[in-house]
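Taken together, the values in this text are just the output of simple stated rules run on the coordinates, not laboratory data. Given the structure is predicted, the values throughout are model-derived calculations rather than measurements. Here the Cβ is made from the backbone with ideal geometry for all residues, glycine too, and neighbour counts use every protein chain on show.
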Amino acid sequence: MFIKKILIIICLFFEVYSGFGQDIHFSQYNGSLLNISPGFTGLFNGDYRFSSIFRSQWSSVPVSYSTFNMNAEQRLSPKQLGKDMLGIGLVFNNDKAGDARYAATQLYGNLSYIFLAKPDSSLIITLGTSFGFNQVGFDYTKMTFDSQFDGLQYNRSLGTGESFNWTQYNYLDLNLGSAVQYVLKHRHRFMYGLAFHHVTGPVISYQGNDISKLDYKVSNYLSYNTPLGQKTELITEALFSLQGKNYEIIPHASLKYFMNKADNLAISGGMSFRARDAIVFRVGYFNKTLQAGMAYDINTSKFNAATNRRGAFELFVNYVLKLKPTFKAKRRDCPVFM
């Protein structure tokens, strides 16, 4: 049936888009850590963190993609936990692809426990989980079929000869994750994140069957930062994801140059490489607790015959809000009357 061919094409494009995986992804994965692991929820220096990232891919071909992510987090310090903390957050993702506008909309609630393994916060370990609602679907009116060809031209008024039980599908999803942050001698900063996605094994089907099960996914994130001089810092990252028989590997390295180290006023530039898919150029801007970035992918896969090596463009912004503690005057006895 022709409809099967259409669905196969959609699936193939979706697989290529996700870098040989099934889930959405970003080249600037450091701008969307909550999508990598719920263990990163609340793992920042501040009270609130807000971040957003937008990706536009393959605009030069008829099956362009756009992906949008927005996160909001809060770090809590309940007295009952002593020095330990909690992280809570919301994650929103929206992804649209192809002529039929195959779309995925996701909303997750995150919760993490932040354990201070060392009193000076040089070692922090977290455990996190995220639970969310997902909706996937496509626009049936954007599709065309062989039966709508009247012998001379395409005629939309003709029947398609196809039927779907529905064109949208909703499901619930559960992810588990952890993160470790370690600072050695105030110079070497290591961070590692691990996550298991789609723990409940949700099924996505438009025909009312249970044969289309979403594969489990394992994500590994590693970063290392260290100063190289008074005004420069080395930033390295790597992301390895495995989902079913598909995988994604993205190593990255960049240099950060400080104009004013006290205010964290700096710029950065570097490169990433997505195995068998693209070379990525990244630039960044820092100002106190604000971080922004831009990336451009140059396609190196066999699909470059269609893209002319033009891959994706990304923008992201990340802002941490630190609340100033309210001043409380301490009551003291006057020594004159003692």
**Q.** Inter-label distance, nm, simple model (7 Å from Cα along the C-beta direction), residue 257/residue 47
**A.** 3.6 nm
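Can you give the extra length, in nm with one decimal, that the chain gains between residue 76 and residue 294 once fully stretched, where that is 0.36 nm per residue apart less the Cα-Cα distance? Write out the running numbers ahead of the final one.
Numbers: separation 218, 0.36 × 218 = 78.48 nm, distance 3.08 nm.
Result for the pair: 75.4 nm of gain on full extension.
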Q: Find, among the chymotrypsin sites (Phe, Trp or Tyr not before Pro) in the stretch 180-280, those assigned to loop by DSSP (not H, G, I, E, B) with at most 14 other beta-carbon atoms within 10 angstrom.
A: 216
Q | Residues in the stretch 277-291 reached by a label modelled at residue 265 [backbone nitrogen below 18 Å; 7 Å Cα→Cβ] | A | 284-291
